[in-house]
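The values are calculated or read from the model by the stated rules, or taken from the named source; none is laboratory data. These numbers come from a predicted model, not from an experiment. FYI the Cβ positions are ideal-geometry reconstructions off the backbone, even for glycines, and counts take in every protein chain you see. Only protein heavy atoms, including side chains, enter the accessible area calculation; ligands, DNA and RNA are left aside. Shrake-Rupley method; radii C 1.70, N 1.55, O 1.52, S 1.80 Å.
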Amino acid sequence: MTKVLIIDDDNDLCTLLRMYLENEGYEVKVANDGAEGVSAFRSYEPDMVLLDVMLPKKDGWQVCREIREHSNKPIIMITAKGDIIDKVLGLELGADDYMVKPLDMKEVFARIKAVLRRYTKHESSDGEMVRFDNIEISLQRYELRIKGRPISLPPKELELLYFLASNYNRVFTRDQLLDKVWSFDYLGDSRTVDVHVKRLREKLDGASDKWALKTVWGVGYKFELIEG
């Protein structure tokens, strides 16, 4: 049974989410503050997390950071704010998706299914691997290696890098990348792609002068092999 950890201090919302998700066949645990949430994540070992931003003791950003230090399990951030800065910050910290309150239960369920489907796809990969100078991307091991050293990546960063590298020198628009990497049922926006490319560039910086993650202005992105 799929296990979902809800970290939110709104008891009414937690009760509603628990009831809805349990009716859909999920096992659910609730934590009402950030410190309890981190502890529950370690002991409960959930398959995914619904994480509120505004929490007592530790806010959602700190909880997300601490989870990402040890795990790539999917995280959906929940915020009462519609500000794009909050959404981008969550993605930069490693969240997989975000939702703005008030929540629609059908949308919550749809997003959970979509995120879990993408994560399961990574875990069940059949051995695809891409290698270039100083870089190796394996979906079977769910691993990026730069100069032989393993680099930790959240699920969609790895899949985005793998997709671009396995289609090197081809330019893809943001919408095409959302379709190919996030799948057609992704409910976010194209700024998600920009955030993930930015994070990848930070991790790939200085790895090689024979390839690069390039922006094609006005179009999108490509993994470019550099002649020389």
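Packing-wise, with mean Cβ within 10 Å as the measure, how do 156-167, 207-218, 39-50 rank, highest first?
Highest-to-lowest ranking by the protection proxy: 156-167, 39-50, 207-218.
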Carbon plus sulfur, as percent of the 1.4 Å-probe accessible area of the chain, comes to 47
Please report the antiparallel percentage of the DSSP beta bridges confined to the chain, to the nearest 5. 55
Given H placed 1.01 Å from N in the peptide plane, which residues other than close sequence neighbours of GLN140 have an amide H under 5 Å from its amide H? GLY127, GLU128
What is the extension gain from LYS113 to GLU202, computed as 0.36 nm multiplied by their sequence separation minus the C-alpha to C-alpha distance, in nm to one decimal? 29.1 nm
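What share of Cα pairs, in percent, lie more than 23 angstrom apart in the chain?
Numbers: 12518 of 25878 pairs.
For the chain, the fraction of Cα-Cα distances above 23 Å is 48 percent.
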Where does the chain land at 222 nm, in deg cm²/dmol rounded to the nearest 500, when only DSSP H runs of n ≥ 4 count, each adding -39500 (n - 2.57), divided by all residues? -12000 deg cm²/dmol
Accessible area per residue of the chain at 1.4 Å probe, in Å²? 49
